[in-house]
1. Could you sort 26-39, 62-75 so that the peptide with the highest average Cβ count within 10 Å comes first and the rest follow in order?
2. Along the Cα-to-C-beta direction of Val44, a point sits 7 Å from the Cα; which residues of the range 68-94 have their amide N less than 16 Å from that point?
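Here, each number is a calculation from the coordinates, and none is a lab measurement. Quantities reported herein were computed from a predicted structural model and do not represent experimental measurements. Every residue, glycine among them, receives a Cβ derived from its backbone with ideal geometry; neighbour counts consider all protein chains shown.
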Amino acid sequence: MAAPKKNLPDLMRGDSREYKMLFKDDAGVPIDISNTTMWSTLKVAQSDPDPGVLQKSVVFPADADSQAGIGYLKWEPADTEDLEPGVKYWYDFQ
């Protein structure tokens, strides 16, 4: 599911960025995400085919953070080198 179009003004071409996420069930209890794969995608238009401008996956390790529902996604400078200044992107995490 794509999120609403959002400008990422603090993300510049060639930047690295780490995002920390917390996964919970409907009751608010953290979900063990150990060995689970998550994909992130940035697109100029929601209808653009994958992989869009940026697509990256991460497999969460079997560690204490993952068992507590905490996961990290890191974009490296090579991942963001094609971002265009001032463009608003659709983003999606699956």
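1. Those peptides, ordered most packed to least, come out 62-75, 26-39.
2. Under 16 Å, as judged by backbone N against the label point of Val44, lie 81-91 of the range 68-94.
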